[in-house]
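Notes follow once the structure below has been shown.
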2 protein chains.
Amino acid sequence: MARRRSTGVSEATTQRLSLLLRSLRELEREGVGSVSSSELAERLGSNSAQVRKDLAQLGELGVRGVGYRVPELRTRIEGHTGLGTPRTLVVVGAGNLGKALADSPNFHSEGFRIAAVFDVDPRKVGGRTRTGVPVLDAARLDAAVRELGAAIGVVAVPAPAARAAADSLVAAGVKAILNFAPHAVGPYPGVVVKNVDLTLLVETLGARLAASGA
Amino acid sequence: MARRRSTGVSEATTQRLSLLLRSLRELEREGVGSVSSSELAERLGSNSAQVRKDLAQLGELGVRGVGYRVPELRTRIEGHTGLGTPRTLVVVGAGNLGKALADSPNFHSEGFRIAAVFDVDPRKVGGRTRTGVPVLDAARLDAAVRELGAAIGVVAVPAPAARAAADSLVAAGVKAILNFAPHAVGPYPGVVVKNVDLTLLVETLGARLAASGA
DNA sequence: TACTGTGAAGTGATTCACAGCG
DNA sequence: CGCTGTGAATCACTTCACAGTA
């Protein structure tokens, strides 16, 4: 009887579990059988109490006096968080950033598959990115997304087009949106939205720089 | 006698002030003279108490019964936070992502200037990106960064090279690093570091998706 | 003995709610 | 009267510290 947790783990915890999973896979490749929370903490640049608290969310699966068994812990994290579940994604916008994201090894990791890039420019449509992802006509987005069964849409279009792109993705049935345009989109009911405003990132960095002395 | 605040405003507040600044510039172009905290909140998708709390950090500059005077508020935010201060940045890594970032309008906004992209690949060195940013030899990074007076370094290299790239930037005297590699760098004393792990973003999104029903 | 699991304390940010001023 | 500025309440997350167990 699998427990169904709608909002079980916080975003912060999920992020740390994801990083933890990376370490665990590495440890597993190295053939390590078990690790303590403090060893894991050291790898993550965190502290052991944090690691234990995070892992406690998945039930009691450590062995007192010993630590956690690596393979078991890995499968447990995957099972309970959905981390590692394969997903198909599409990118809207075949500009510099869109193509970079589509080809990026960052986005091809552990079970993610970029199925298509969409653009409105007829000169781009029909082509392929460097790694072979097809560039499709944005007018066919709805049909293509359904056909491909894409669950995640990445928005990489100029700011004024962001809302429309996100709307189309939602209409086509994606369940999550990662938006890189400097203009927040959403919220949409039933859709997980993450806005990553690159402009905001540099501006904030510049300000923190000013605050820290110059 | 300007007040020198080392760690005056939190990161969260700075981000909101940055967004606020965007709205204010827009309002100023429209010739709006004053706004209330609730009008601003609506534009940001926030709430009025939050806006007032954020603005209170800059001193008392609202007019009770009326709101905030737009031009005055804008200059005050710029002055106190360093938002809007022109900065020179360099990008390390002339791959897809590096070039996309260097050419991105997101990074050319409001006073930011990308002065150079560095790469180790001799076939790339000597060229220019689409918008004309020169690609320089990574071996010359130290000298070039000092010469250009770059304060912010953007890391856009593969994970295994991230630490070395960041180290060189710090050695060359940059005061802030924006790292896009899926491997955290830093901390370095006296340097503001922001890690933006793209892989982590999609993975977390996938997990939140799983948590919310599928 | 060496570790986990967890209550309790601590920290920081957000929201509420209202007194006070133009 | 309408709006700001802000103390107090709330909430979310992190760290501490230790009882309890394999």
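Things to note:
- B:Ser10 within 14 Å of chain A (Cβ to nearest Cβ), under 30 Å from B:Ala165 (Cα atoms) and within 15 Å of DNA strand D (Cβ to nearest atom): yes
- Some residue of segment B:92-99 being in contact (Cβ under 8 Å) with a residue 40 or more places away in the chain, assigned by TED's automatic domain parsing to the domain that holds B:Gly153 and either open to solvent by 40 Å² or more (accessible area, probe 1.4 Å) or part of a helix (DSSP H, G or I) (or both): yes
- Residues that are surrounded by 19 or more Cβ atoms within 10 Å (Cβ to Cβ) and away from chain A (no Cβ under 14 Å) within segment B:145-165 comprise B:Val145, B:Ala165, listed in sequence order.
- Among the residues of segment A:63-91, those identified as touching a Lys or Arg at 6+ places or on another chain (Cβ under 8 Å) and surrounded by fewer than 17 Cβ atoms within 10 Å (Cβ to Cβ) are A:Val63, A:Pro86.
- The set of residues in segment A:164-214 being charged (D, E, K, R) and over 30 Å from B:Pro86 (Cα atoms) consists of A:Asp167, A:Lys175.
- Pairs with Cβ under 7 Å, 6+ apart, first in segment B:65-91 and closer than 19 Å to B:Gly111 by Cβ, second charged (D, E, K, R) and assigned to a loop (DSSP other than H, G, I, E, B): B:Gly84/B:Glu110
- Residue among B:Pro105, B:Pro187 that is closer than 30 Å to A:Leu19 by Cα, at pLDDT below 95 and within 12 Å of another protein chain (Cβ to nearest Cβ): B:Pro187
- Residues being open to solvent by less than 60 Å² (accessible area, probe 1.4 Å) and of a type outside the set (Gly, Ala, Ser) - total across segment A:29-49: 4
- When the residues of segment B:43-75 are filtered to those that are within 14 Å of chain A (Cβ to nearest Cβ) and within 12 Å of DNA strand D (Cβ to nearest atom), the one that is nearest to A:Leu200 (Cα to Cα) is B:Asp54.
The values are calculated or read from the model by the stated rules, or taken from the named source; none is laboratory data. As the structure is a prediction and not an experimental result, all values here were calculated from the model. Cβ: placed from backbone, ideal geometry, glycine included. Neighbour counts: every protein chain shown. For the accessible areas, the whole protein counts, side chains as well, though only heavy atoms, and no ligand, DNA or RNA atoms are used. Shrake-Rupley method; radii C 1.70, N 1.55, O 1.52, S 1.80 Å.
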